[in-house]
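Below is one structure; the comments refer to it alone.
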Amino acid sequence: MTLTLASAGESHGPALVAIVGGLPAGLLLDREAIDADLRRRQEGYGRSPRQQIETDRVEVLAGLRHGRTLGTPLALVVRNVDHKNWTWGMAPWPPEGEPAGKGVKAVTLPRPGHADLPGVLKYGHDDVRNALERASARHTAVQVAAGSVAKALLGTIGIEVHGTTVDEEGLRRRVDEARAARDTVGGIVEVRVTGVPPGLGSYASKEDRLDARLAFALMGIQAVKGVEIGDGFAVAGLFGSAAHDEIRVDRRRDTNHAGGIEAGISNGEEIVVRAAMKPLPTLMKPLGSVDLATGEAAQALVERSDVAAVEALAVVAEAAVAWELARTAKEKFGGDAVGDFVAAHRAYVERIAWS
Ligand code: EPS
């Protein structure tokens, strides 16, 4: 059975929810490790004041007993503490009493770059809030929780996933500059995966290609506009002799231009992927837009937001890559009990004599 992930939740609704299916039974989860990843996602230079309101923690409602998975759907919840300020505005049922708190007034000033305009057009909403709430990167909190579970599964077969920002110091300088100019910035993050044996993914169909799957997972994260595997766009400018990684007699490589993936299959080298994040669309000095209520030219919505969330993206991208690799590994090694999964991995690496 493959791993499945379904999620729900609005940024200022009561909670974010994820249901993870297909986990083997007996996998040991560490609440502290999941909460530590949630904390890492909240940190970072240039984050919104929202992060001072929230202390994200995972709650488990099903699928776990005394810290071990039951082989049944795992239900994860991350509550939105800020919901207390939106109880009328984001009430799931028609609210009682006088309108109060945030989210009472309809938003009609779409921000260029956000879900606001395409979202209201597509779904027929009058209030931009109905589009932006689900589109918000707040949703990535519960995806990080699921990614943390995926890392626990990968850990049983010695695979480790680590996300970082590229050019941290330059990023901080750009955040300071942007904040002073009431602007925002994006950036680049990198995820590296160690311990992956050759043979995850396949060239059999495009859906099976590990590089395609990782690109899909990363492009599915809010604000990501580009993905590259290994040397990515740079290989287009190289000669073939400089772009490929020669094979030694022990089947290892001295270089890793391919980023650990050839023909959609892991080749045993470190997997290296990068994602480029656009500058966030909520600007304190807003761009030109239209007031959807009047049809007149207007300035876009200004509301509390981040100057940058690149350091958060490093954690979210790590979770997304971990999730996709765990899914690929589960497809290859199977197992209803975690011991079956580990034994199948061991038998496989023995067959290919890989250490
Ligand atoms: C986010 C929470 C949000 C934003 C951000 C991501 O909180 P709020 O909107 O209440 O300030 O900080 O969302 C966006 C950048 C966006 O464009 O939607 C989080 O927890 O990551």
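The values are calculated or read from the model by the stated rules, or taken from the named source; none is laboratory data. Worth saying up front: this structure is predicted, and the values here are computed from it rather than measured. Glycine gets a Cβ as well: all are built from the backbone with ideal geometry, and neighbour counts include every protein chain shown. With ligands, DNA and RNA removed, areas are computed over all heavy atoms of the protein, side chains included. Shrake-Rupley method; radii C 1.70, N 1.55, O 1.52, S 1.80 Å.
Any residue at all in segment 35-48 that is of a type in the set (Lys, Arg) and over 17 Å from the mean Cα position of the chain (by Cα)?
Residues of segment 35-48 that are of a type in the set (Lys, Arg), as a first pass: 39-41, 47.
Cutting the leftovers down to over 17 Å from the mean Cα position of the chain (by Cα) gives us none.
Checked against the condition, which is being of a type in the set (Lys, Arg) and over 17 Å from the mean Cα position of the chain (by Cα), segment 35-48 yields no hits at all.
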(message) Looking at the structure I just gave you, is Arg138 basic (Lys, Arg), at pLDDT 95 or above, buried (at least 21 other Cβ atoms within 10 Å of the Cβ) and farther than 21 Å from Val224 by Cα?
(response) no
(request) Would you check which residues across segment 153-165 are part of a helix (DSSP H, G or I) and in contact with a strand residue (DSSP E or B) (Cβ under 7 Å, 6 or more places away or on another chain) and list them? (result) Leu154
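Among the candidates Arg327, Arg252, Arg274, Arg304, single out the residue that is on the phi < 0 side of the Ramachandran plot, away from the ligand (no atom under 16 Å from the Cβ) and surrounded by fewer than 16 Cβ atoms within 10 Å (Cβ to Cβ). Break it down stepwise before answering.
Numbers: Arg327 fails: surrounded by fewer than 16 Cβ atoms within 10 Å (Cβ to Cβ); Arg274 fails: surrounded by fewer than 16 Cβ atoms within 10 Å (Cβ to Cβ); Arg304 fails: away from the ligand (no atom under 16 Å from the Cβ).
Result: Arg252 is the single residue among Arg327, Arg252, Arg274, Arg304 that is on the phi < 0 side of the Ramachandran plot, away from the ligand (no atom under 16 Å from the Cβ) and surrounded by fewer than 16 Cβ atoms within 10 Å (Cβ to Cβ).
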(message) Quick check on segment 279-297. Is at least one of its residues part of a helix (DSSP H, G or I), under 26 Å from Val166 (Cα atoms), of a type outside the set (S, T, N, Q) and open to solvent by 30 Å² or more (accessible area, probe 1.4 Å)?
(response) no
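Being in contact with a strand residue (DSSP E or B) (Cβ under 6 Å, 6 or more places away or on another chain) and open to solvent by less than 30 Å² (accessible area, probe 1.4 Å) is the requirement here; does Pro110 meet it?
On the way: in contact with a strand residue (DSSP E or B) (Cβ under 6 Å, 6 or more places away or on another chain): yes; open to solvent by less than 30 Å² (accessible area, probe 1.4 Å): yes.
So Pro110 fits the description; yes.
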(request) Check off (1) touching a residue at least 12 places away in the same chain (Cβ under 8 Å); (2) more than 30 Å from Gly67 (Cα to Cα) for Glu207 and give me the number that stays unchecked. (result) (1)
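Looking only at residues that are assigned to a strand (DSSP E or B) and touching a Pro at 6+ places or on another chain (Cβ under 8 Å) in segment 1-28, which one is most open to solvent (accessible area, probe 1.4 Å)? Give the derivation first.
Quick first cut of segment 1-28, residues assigned to a strand (DSSP E or B) only: 4-8, 15-21, 25, 28.
Narrowing further to those that are touching a Pro at 6+ places or on another chain (Cβ under 8 Å): 19-21.
Details: Ile19: 82, Val20: 0, Gly21: 11 Å².
So, considering only residues that are assigned to a strand (DSSP E or B) and touching a Pro at 6+ places or on another chain (Cβ under 8 Å), the one most open to solvent (accessible area, probe 1.4 Å) is Ile19.
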(request) Find the residue count for segment 166-213, including only residues that are in a helix (DSSP H, G or I) and either at pLDDT 95 or above or open to solvent by 50 Å² or more (accessible area, probe 1.4 Å) (or both). (result) 18
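Determine, yes or no, whether Val235 is crowded, with 20+ Cβ neighbours inside 10 Å, modelled with pLDDT of 95 or more and over 27 Å from Gly113 (Cβ atoms).
Numbers: crowded, with 20+ Cβ neighbours inside 10 Å: no; modelled with pLDDT of 95 or more: yes; over 27 Å from Gly113 (Cβ atoms): yes.
It is false that Val235 is crowded, with 20+ Cβ neighbours inside 10 Å, modelled with pLDDT of 95 or more and over 27 Å from Gly113 (Cβ atoms).
When you check Arg40 against the structure, is it within 28 Å of Ala178 (Cβ to Cβ), of a type in the set (D, E, K, R), open to solvent by less than 60 Å² (accessible area, probe 1.4 Å) and out of contact with any Phe, Trp or Tyr (no Cβ under 9 Å at 6 or more places or on another chain), yes or no? Spell out the reasoning first.
On the way: within 28 Å of Ala178 (Cβ to Cβ): yes; of a type in the set (D, E, K, R): yes; open to solvent by less than 60 Å² (accessible area, probe 1.4 Å): no; out of contact with any Phe, Trp or Tyr (no Cβ under 9 Å at 6 or more places or on another chain): yes.
In short, no.
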(message) Just the residues that are touching a helix residue (DSSP H, G or I) at 6+ places or on another chain (Cβ under 8 Å), assigned to a loop (DSSP other than H, G, I, E, B) and open to solvent by 60 Å² or more (accessible area, probe 1.4 Å), please, taken from segment 55-91.
(response) Thr55, Arg57
(request) Return a yes/no flag: does segment 114-134 have any residue that is part of a loop (DSSP other than H, G, I, E, B), over 24 Å from the mean Cα position of the chain (by Cα) and within 10 Å of the ligand (Cβ to nearest atom). (result) no
(request) Select from segment 330-350 the residues that are touching a helix residue (DSSP H, G or I) at 6+ places or on another chain (Cβ under 6 Å) and assigned to a helix (DSSP H, G or I) and write down the one among them that is surrounded by the fewest Cβ atoms within 10 Å (Cβ to Cβ). (result) Ala344
(message) I need every pair where a residue in segment 32-48 that is of a type in the set (Asp, Glu) has its Cβ under 8 Å from the Cβ of a residue that is assigned to a loop (DSSP other than H, G, I, E, B) and modelled with pLDDT of 95 or more, sequence separation at least 6 or different chains.
(response) Asp35/Asp56; Asp35/Arg57; Asp35/Val58
